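Colleague: Handing you this structure, nothing more for now.
The values are calculated or read from the model by the stated rules, or taken from the named source; none is laboratory data. Model, not experiment: these values are computed from the prediction. Cβ: placed from backbone, ideal geometry, glycine included. Neighbour counts: every protein chain shown. What goes into the accessible areas is simple: the full protein's heavy atoms, side chains included, and nothing from ligands, DNA or RNA. Shrake-Rupley method; radii C 1.70, N 1.55, O 1.52, S 1.80 Å.
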Amino acid sequence: MCTSTPPGADPALSTALPRFPAPIRPHWQATAAAKGFRILARIRDRYHLLLRCRTCRRDFPAKLFVLMRGQPLCPHCLAARRGALAAEAGVAFLGPDPDHAAYGQFRAPCGHILRRQFELIARVARGETGLRCETCHAAREAAEARRFGWQRLGPCPSGRPNYRLYRHRCGHVQRVAQANMLWGQCDCAGCGQSWSARPSFLYLFEIRLPGRGPRPARQYLKLGYSAHPVKRHRHQLGLPPEAGVAVLRVVAMASGHAACACETALHRQLRRAHPDAVVPRAEFADGINVTREIYRPALRPVIEAALDRIAADAGAGLS
Ligand SMILES: [Zn+2]
Ligand SMILES: [Zn+2]
Ligand SMILES: [Zn+2]
(Lines give C-alpha, C1' and ligand atoms only; values in the text may rest on other atoms or scores of the structure.)
(Ligands and ions follow the chains in the order given, each with its own letter.)
Protein backbone atom coordinates (compact mmCIF):
# COMPACT_ATOMS: atom_id res chain seq x y z
CA MET A 1 0.00 0.00 0.00
CA CYS A 2 1.50 3.32 -1.06
CA THR A 3 1.84 5.71 1.86
CA SER A 4 3.95 8.37 0.14
CA THR A 5 0.98 10.12 -1.46
CA PRO A 6 0.61 13.52 0.23
CA PRO A 7 -2.55 13.85 2.31
CA GLY A 8 -5.44 15.63 0.68
CA ALA A 9 -5.03 14.14 -2.76
CA ASP A 10 -4.78 10.90 -4.65
CA PRO A 11 -4.03 12.59 -7.98
CA ALA A 12 -3.28 9.38 -9.83
CA LEU A 13 -6.51 7.72 -8.69
CA SER A 14 -8.63 10.87 -9.08
CA THR A 15 -7.64 11.38 -12.70
CA ALA A 16 -7.07 7.79 -13.84
CA LEU A 17 -10.62 6.52 -13.33
CA PRO A 18 -12.98 7.19 -16.26
CA ARG A 19 -15.71 9.70 -15.38
CA PHE A 20 -19.35 8.81 -15.84
CA PRO A 21 -21.06 11.93 -17.24
CA ALA A 22 -24.06 12.35 -14.95
CA PRO A 23 -24.89 14.63 -12.02
CA ILE A 24 -24.25 13.74 -8.36
CA ARG A 25 -27.62 13.81 -6.58
CA PRO A 26 -27.72 16.16 -3.54
CA HIS A 27 -29.11 13.45 -1.19
CA TRP A 28 -26.21 11.14 -2.12
CA GLN A 29 -23.78 13.85 -1.04
CA ALA A 30 -25.71 14.29 2.22
CA THR A 31 -25.56 10.55 2.91
CA ALA A 32 -21.83 10.51 2.12
CA ALA A 33 -21.21 13.39 4.56
CA ALA A 34 -23.15 11.61 7.30
CA LYS A 35 -20.97 8.52 6.80
CA GLY A 36 -17.64 10.37 6.78
CA PHE A 37 -17.02 10.83 3.06
CA ARG A 38 -17.39 13.30 0.19
CA ILE A 39 -18.36 12.26 -3.35
CA LEU A 40 -15.75 13.63 -5.79
CA ALA A 41 -17.15 12.18 -9.00
CA ARG A 42 -19.23 9.49 -10.63
CA ILE A 43 -16.91 6.98 -12.28
CA ARG A 44 -16.94 3.96 -14.63
CA ASP A 45 -20.70 3.47 -14.90
CA ARG A 46 -23.88 4.52 -13.15
CA TYR A 47 -23.15 2.27 -10.15
CA HIS A 48 -19.76 3.69 -9.07
CA LEU A 49 -18.49 6.75 -7.21
CA LEU A 50 -15.11 8.19 -6.26
CA LEU A 51 -15.16 8.98 -2.52
CA ARG A 52 -12.79 11.04 -0.38
CA CYS A 53 -12.36 9.86 3.22
CA ARG A 54 -12.72 12.69 5.73
CA THR A 55 -10.45 10.91 8.21
CA CYS A 56 -7.36 10.37 6.04
CA ARG A 57 -8.35 12.70 3.14
CA ARG A 58 -7.53 10.05 0.56
CA ASP A 59 -9.70 8.81 -2.30
CA PHE A 60 -11.10 5.43 -3.25
CA PRO A 61 -13.77 4.02 -5.57
CA ALA A 62 -16.98 2.70 -4.02
CA LYS A 63 -20.30 1.34 -5.19
CA LEU A 64 -23.27 3.66 -4.96
CA PHE A 65 -25.48 1.08 -3.23
CA VAL A 66 -22.79 0.44 -0.58
CA LEU A 67 -22.77 4.16 0.22
CA MET A 68 -26.56 4.41 0.32
CA ARG A 69 -27.38 1.14 2.11
CA GLY A 70 -24.28 0.30 4.11
CA GLN A 71 -21.04 1.81 5.34
CA PRO A 72 -18.16 2.13 2.85
CA LEU A 73 -14.81 1.11 4.31
CA CYS A 74 -11.89 3.41 3.50
CA PRO A 75 -9.12 1.03 2.33
CA HIS A 76 -6.41 3.52 3.36
CA CYS A 77 -7.69 3.83 6.94
CA LEU A 78 -8.16 0.05 7.06
CA ALA A 79 -4.56 -0.53 5.91
CA ALA A 80 -3.30 1.96 8.50
CA ARG A 81 -5.22 0.18 11.29
CA ARG A 82 -3.96 -3.21 10.14
CA GLY A 83 -0.40 -1.91 9.89
CA ALA A 84 -0.54 -0.57 13.44
CA LEU A 85 -2.00 -3.84 14.76
CA ALA A 86 0.67 -5.87 12.94
CA ALA A 87 3.41 -3.68 14.43
CA GLU A 88 1.99 -4.39 17.90
CA ALA A 89 2.12 -8.09 17.05
CA GLY A 90 5.77 -7.75 16.02
CA VAL A 91 5.32 -8.25 12.26
CA ALA A 92 5.09 -5.93 9.24
CA PHE A 93 1.79 -5.77 7.33
CA LEU A 94 2.42 -6.23 3.60
CA GLY A 95 -1.17 -6.20 2.32
CA PRO A 96 -4.41 -8.17 2.25
CA ASP A 97 -4.43 -11.67 0.81
CA PRO A 98 -5.86 -11.36 -2.72
CA ASP A 99 -7.89 -14.58 -2.37
CA HIS A 100 -9.31 -14.33 1.17
CA ALA A 101 -10.58 -11.11 2.71
CA ALA A 102 -10.04 -12.42 6.25
CA TYR A 103 -6.32 -13.03 5.62
CA GLY A 104 -3.35 -10.72 5.25
CA GLN A 105 0.31 -11.14 4.40
CA PHE A 106 2.93 -10.22 6.97
CA ARG A 107 6.70 -10.20 7.17
CA ALA A 108 7.97 -11.94 10.29
CA PRO A 109 11.11 -10.72 12.12
CA CYS A 110 13.00 -13.67 10.57
CA GLY A 111 12.26 -12.21 7.10
CA HIS A 112 9.79 -14.91 5.98
CA ILE A 113 6.32 -13.99 4.76
CA LEU A 114 3.39 -15.34 6.75
CA ARG A 115 -0.26 -15.57 5.66
CA ARG A 116 -2.52 -15.16 8.66
CA GLN A 117 -6.07 -14.17 9.60
CA PHE A 118 -6.33 -10.55 10.77
CA GLU A 119 -8.26 -11.85 13.75
CA LEU A 120 -5.23 -13.95 14.78
CA ILE A 121 -2.88 -10.95 14.44
CA ALA A 122 -5.20 -9.02 16.77
CA ARG A 123 -4.95 -11.83 19.34
CA VAL A 124 -1.14 -11.82 19.03
CA ALA A 125 -1.12 -8.03 19.49
CA ARG A 126 -3.16 -8.48 22.70
CA GLY A 127 -0.58 -10.99 23.91
CA GLU A 128 -3.09 -13.87 23.95
CA THR A 129 -1.17 -16.13 21.61
CA GLY A 130 2.09 -16.36 19.70
CA LEU A 131 3.00 -16.41 16.03
CA ARG A 132 5.06 -19.19 14.45
CA CYS A 133 6.97 -19.06 11.17
CA GLU A 134 6.47 -22.47 9.48
CA THR A 135 9.71 -22.16 7.50
CA CYS A 136 11.84 -21.49 10.57
CA HIS A 137 9.90 -24.13 12.50
CA ALA A 138 10.65 -26.79 9.87
CA ALA A 139 14.34 -25.77 9.88
CA ARG A 140 14.40 -26.15 13.66
CA GLU A 141 12.75 -29.57 13.52
CA ALA A 142 15.41 -30.58 11.00
CA ALA A 143 18.18 -29.38 13.32
CA GLU A 144 16.64 -31.23 16.28
CA ALA A 145 16.42 -34.47 14.27
CA ARG A 146 20.02 -34.14 13.03
CA ARG A 147 21.23 -34.17 16.59
CA PHE A 148 19.79 -37.68 16.95
CA GLY A 149 21.13 -38.91 13.60
CA TRP A 150 17.99 -38.36 11.49
CA GLN A 151 17.39 -36.22 8.42
CA ARG A 152 13.97 -34.56 8.19
CA LEU A 153 12.62 -35.23 4.69
CA GLY A 154 9.24 -33.54 4.99
CA PRO A 155 5.68 -34.05 6.16
CA CYS A 156 4.30 -37.55 6.57
CA PRO A 157 2.99 -38.86 3.19
CA SER A 158 -0.20 -40.09 4.89
CA GLY A 159 -0.96 -36.51 5.88
CA ARG A 160 -1.02 -37.21 9.62
CA PRO A 161 -0.22 -33.81 11.10
CA ASN A 162 1.88 -35.05 14.01
CA TYR A 163 4.18 -37.29 11.94
CA ARG A 164 7.16 -36.46 9.72
CA LEU A 165 9.22 -38.49 7.30
CA TYR A 166 12.86 -39.00 8.34
CA ARG A 167 15.93 -40.79 6.98
CA HIS A 168 18.19 -42.45 9.51
CA ARG A 169 21.95 -42.22 9.09
CA CYS A 170 21.89 -45.88 7.98
CA GLY A 171 19.76 -44.80 4.97
CA HIS A 172 16.44 -46.23 6.18
CA VAL A 173 13.42 -43.94 5.76
CA GLN A 174 10.50 -44.05 8.18
CA ARG A 175 7.75 -42.01 9.75
CA VAL A 176 8.32 -40.78 13.28
CA ALA A 177 5.93 -38.90 15.54
CA GLN A 178 7.27 -35.38 15.95
CA ALA A 179 6.70 -35.60 19.71
CA ASN A 180 9.02 -38.63 19.90
CA MET A 181 11.70 -37.11 17.67
CA LEU A 182 11.75 -34.04 19.94
CA TRP A 183 12.86 -36.24 22.83
CA GLY A 184 15.13 -38.40 20.67
CA GLN A 185 12.84 -41.43 21.13
CA CYS A 186 12.97 -43.19 17.78
CA ASP A 187 13.99 -46.78 17.05
CA CYS A 188 15.25 -47.31 13.51
CA ALA A 189 13.41 -50.20 11.82
CA GLY A 190 16.26 -50.44 9.26
CA CYS A 191 19.39 -51.00 11.32
CA GLY A 192 17.69 -51.81 14.61
CA GLN A 193 19.52 -49.07 16.46
CA SER A 194 17.53 -48.20 19.51
CA TRP A 195 17.01 -44.64 20.58
CA SER A 196 19.64 -43.28 22.87
CA ALA A 197 18.13 -40.37 24.68
CA ARG A 198 20.40 -37.80 26.18
CA PRO A 199 20.35 -37.97 29.96
CA SER A 200 18.30 -34.78 30.44
CA PHE A 201 16.14 -32.24 28.67
CA LEU A 202 15.20 -28.59 28.81
CA TYR A 203 11.65 -28.08 27.63
CA LEU A 204 9.18 -25.30 26.87
CA PHE A 205 5.47 -26.12 27.16
CA GLU A 206 2.40 -24.08 26.39
CA ILE A 207 -0.35 -24.64 28.92
CA ARG A 208 -3.95 -23.69 28.19
CA LEU A 209 -6.48 -23.53 30.99
CA PRO A 210 -10.04 -23.26 29.65
CA GLY A 211 -12.35 -20.57 31.00
CA ARG A 212 -14.69 -21.51 33.79
CA GLY A 213 -17.54 -19.35 35.10
CA PRO A 214 -16.37 -15.73 35.22
CA ARG A 215 -12.72 -16.73 34.67
CA PRO A 216 -11.56 -16.35 31.04
CA ALA A 217 -9.42 -18.97 29.31
CA ARG A 218 -5.72 -18.58 30.14
CA GLN A 219 -2.52 -19.43 28.32
CA TYR A 220 0.94 -19.69 29.88
CA LEU A 221 4.49 -20.82 29.12
CA LYS A 222 6.27 -23.34 31.31
CA LEU A 223 10.03 -23.67 31.05
CA GLY A 224 11.64 -26.56 32.87
CA TYR A 225 14.04 -29.49 32.81
CA SER A 226 13.53 -33.20 33.17
CA ALA A 227 15.63 -36.33 33.33
CA HIS A 228 13.04 -38.21 31.19
CA PRO A 229 10.88 -37.39 28.21
CA VAL A 230 7.92 -35.63 29.82
CA LYS A 231 4.94 -37.55 28.54
CA ARG A 232 2.60 -37.43 31.47
CA HIS A 233 2.37 -33.62 31.62
CA ARG A 234 -0.84 -33.56 33.54
CA HIS A 235 0.46 -35.72 36.35
CA GLN A 236 3.87 -34.07 36.57
CA LEU A 237 2.60 -30.51 36.42
CA GLY A 238 -0.44 -31.13 38.59
CA LEU A 239 -2.73 -29.96 35.78
CA PRO A 240 -6.51 -30.35 35.81
CA PRO A 241 -7.88 -32.82 33.20
CA GLU A 242 -9.39 -30.05 31.08
CA ALA A 243 -6.02 -28.30 30.62
CA GLY A 244 -4.27 -28.48 27.24
CA VAL A 245 -0.51 -28.88 26.90
CA ALA A 246 1.61 -28.40 23.78
CA VAL A 247 5.33 -29.18 23.71
CA LEU A 248 6.93 -26.20 21.99
CA ARG A 249 10.62 -27.00 22.37
CA VAL A 250 12.89 -29.69 23.73
CA VAL A 251 16.66 -29.36 24.00
CA ALA A 252 18.56 -32.54 24.83
CA MET A 253 21.39 -31.84 27.27
CA ALA A 254 24.57 -33.79 27.99
CA SER A 255 23.78 -34.26 31.69
CA GLY A 256 21.16 -33.64 34.32
CA HIS A 257 23.53 -31.22 35.98
CA ALA A 258 23.92 -29.18 32.76
CA ALA A 259 20.15 -29.11 32.21
CA CYS A 260 19.45 -28.01 35.77
CA ALA A 261 22.15 -25.30 35.73
CA CYS A 262 20.92 -24.00 32.35
CA GLU A 263 17.32 -23.87 33.51
CA THR A 264 18.20 -21.99 36.70
CA ALA A 265 20.35 -19.45 34.83
CA LEU A 266 17.66 -18.94 32.19
CA HIS A 267 14.91 -18.31 34.79
CA ARG A 268 17.18 -15.79 36.50
CA GLN A 269 17.87 -13.95 33.20
CA LEU A 270 14.20 -13.89 32.21
CA ARG A 271 13.06 -12.69 35.64
CA ARG A 272 15.56 -9.85 35.56
CA ALA A 273 15.06 -8.75 31.91
CA HIS A 274 11.29 -9.37 31.64
CA PRO A 275 9.70 -9.03 35.09
CA ASP A 276 6.33 -8.13 33.48
CA ALA A 277 6.23 -11.49 31.71
CA VAL A 278 6.42 -13.47 34.99
CA VAL A 279 2.89 -14.52 35.95
CA PRO A 280 2.04 -13.95 39.65
CA ARG A 281 1.56 -17.29 41.37
CA ALA A 282 -1.89 -16.36 42.66
CA GLU A 283 -3.12 -16.12 39.09
CA PHE A 284 -2.48 -19.78 38.21
CA ALA A 285 -2.29 -21.52 41.59
CA ASP A 286 -5.77 -23.00 41.02
CA GLY A 287 -4.67 -24.70 37.79
CA ILE A 288 -0.92 -25.41 37.78
CA ASN A 289 1.07 -26.88 40.61
CA VAL A 290 4.65 -25.79 39.97
CA THR A 291 7.35 -24.08 41.99
CA ARG A 292 9.19 -22.44 39.07
CA GLU A 293 8.23 -19.34 37.12
CA ILE A 294 5.37 -19.38 34.64
CA TYR A 295 5.53 -16.81 31.82
CA ARG A 296 3.18 -14.89 29.53
CA PRO A 297 2.83 -16.22 25.94
CA ALA A 298 4.34 -12.97 24.59
CA LEU A 299 7.74 -14.02 25.99
CA ARG A 300 7.90 -17.03 23.68
CA PRO A 301 10.27 -15.52 21.03
CA VAL A 302 12.69 -14.49 23.78
CA ILE A 303 12.68 -17.93 25.40
CA GLU A 304 12.96 -19.71 22.04
CA ALA A 305 15.94 -17.55 21.07
CA ALA A 306 17.63 -18.45 24.37
CA LEU A 307 16.90 -22.16 23.78
CA ASP A 308 18.33 -21.84 20.24
CA ARG A 309 21.61 -20.59 21.73
CA ILE A 310 21.65 -23.38 24.32
CA ALA A 311 20.87 -25.99 21.63
CA ALA A 312 23.71 -24.69 19.45
CA ASP A 313 26.14 -24.95 22.36
CA ALA A 314 24.85 -28.39 23.39
CA GLY A 315 24.88 -29.57 19.77
CA ALA A 316 28.55 -28.67 19.42
CA GLY A 317 29.35 -31.36 21.97
CA LEU A 318 27.30 -34.14 20.33
CA SER A 319 28.07 -36.98 17.91
ZN1 LIG B 1 -9.46 6.94 5.24
ZN1 LIG C 1 10.97 -17.66 9.44
ZN1 LIG D 1 18.99 -47.04 10.96
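Colleague: Would you call ALA314 in a helix (DSSP H, G or I) and either open to solvent by 30 Å² or more (accessible area, probe 1.4 Å) or closer than 22 Å to CYS186 by Cβ (or both)? Let's see the steps before the verdict.
Modeller: Details: in a helix (DSSP H, G or I): yes; either open to solvent by 30 Å² or more (accessible area, probe 1.4 Å) or closer than 22 Å to CYS186 by Cβ (or both): yes.
Yes: the conditions hold for ALA314.
Colleague: In the range 111-148, how many are of a type outside the set (A, V, I, L, M, F, W, C), open to solvent by less than 30 Å² (accessible area, probe 1.4 Å), outside any helix (DSSP H, G or I) and within 30 Å of LEU165 (Cβ to Cβ)? Even if it seems obvious, please write down each step before you answer.
Modeller: Taking the range 111-148 as the starting set, the residues that turn out to be of a type outside the set (A, V, I, L, M, F, W, C) are 111-112, 115-117, 119, 123, 126-130, 132, 134-135, 137, 140-141, 144, 146-147.
Okay, now just the ones that are also open to solvent by less than 30 Å² (accessible area, probe 1.4 Å), so 127, 129-130, 141, 144.
With the extra rule that they be outside any helix (DSSP H, G or I), the set shrinks to 127, 129-130.
In the following step, the residues that additionally are within 30 Å of LEU165 (Cβ to Cβ) were identified as 129-130.
Looking only at that region, the number is 2.
Colleague: Here is a further query. Mind checking whether some residue in the range 159-172 is closer than 28 Å to GLU263 by Cβ and touching a residue at least 40 places away in the same chain (Cβ under 8 Å)?
Modeller: no
Colleague: From (1) hydrophobic (A, V, I, L, M, F, W, C); (2) over 27 Å from GLY104 (Cβ atoms); (3) at pLDDT 95 or above, pick out the condition that doesn't hold for LEU50.
Modeller: (2)
Colleague: How many residues does the range 271-310 hold that are open to solvent by less than 10 Å² (accessible area, probe 1.4 Å), in a helix (DSSP H, G or I) and either without any contact (Cβ under 8 Å) to a residue 40 or more places away in the chain or farther than 21 Å from VAL251 by Cα (or both)?
Modeller: 1
Colleague: Restricting the search to the range 149-162, which residues are more than 16 Å from ligand 3 (Cβ to nearest atom) and open to solvent by 60 Å² or more (accessible area, probe 1.4 Å)?
Modeller: Of the residues in the range 149-162, the ones more than 16 Å from ligand 3 (Cβ to nearest atom) are 154-162.
Across the range 149-162, the qualifying residues are PRO155, PRO157, SER158, ARG160, PRO161, ASN162.
Colleague: Now for a different question. Looking at the range 94-119, which of its residues are touching a residue at least 12 places away in the same chain (Cβ under 8 Å), over 16 Å from GLY130 (Cβ atoms) and of a type in the set (A, V, I, L, M, F, W, C)?
Modeller: Scanning the range 94-119 gives LEU94, ALA102, ILE113, PHE118.
Colleague: Sticking with this structure for a sec: Inside the range 1-24, can you point out the residues that are modelled with pLDDT under 90, in a loop (DSSP other than H, G, I, E, B) and of a type in the set (A, V, I, L, M, F, W, C)?
Modeller: Taking the range 1-24 and keeping what is modelled with pLDDT under 90, we get 1-17.
Okay, now just the ones that are also in a loop (DSSP other than H, G, I, E, B), so 1-10, 17.
Within the range 1-24, MET1, CYS2, ALA9, LEU17 qualify.
Colleague: Considering only residues that are open to solvent by 30 Å² or more (accessible area, probe 1.4 Å), out of contact with any helix residue (DSSP H, G or I) (no Cβ under 7 Å at 6 or more places or on another chain) and more than 10 Å from ligand 1 (Cβ to nearest atom), which ones fall in the range 71-86?
Modeller: Residues satisfying the conditions are GLN71, ALA84.
Colleague: When residues of the range 97-110 are filtered for being under 26 Å from ARG208 (Cβ atoms), more than 16 Å from ligand 2 (Cβ to nearest atom) and open to solvent by 30 Å² or more (accessible area, probe 1.4 Å), how many remain?
Modeller: Final tally of qualifying residues: 2.
Colleague: For GLN29, indicate whether it is closer than 30 Å to ALA298 by Cα and modelled with pLDDT of 95 or more. Let's see the steps before the verdict.
Modeller: Working: closer than 30 Å to ALA298 by Cα: no; modelled with pLDDT of 95 or more: yes.
For GLN29, the condition - closer than 30 Å to ALA298 by Cα and modelled with pLDDT of 95 or more - is not met.
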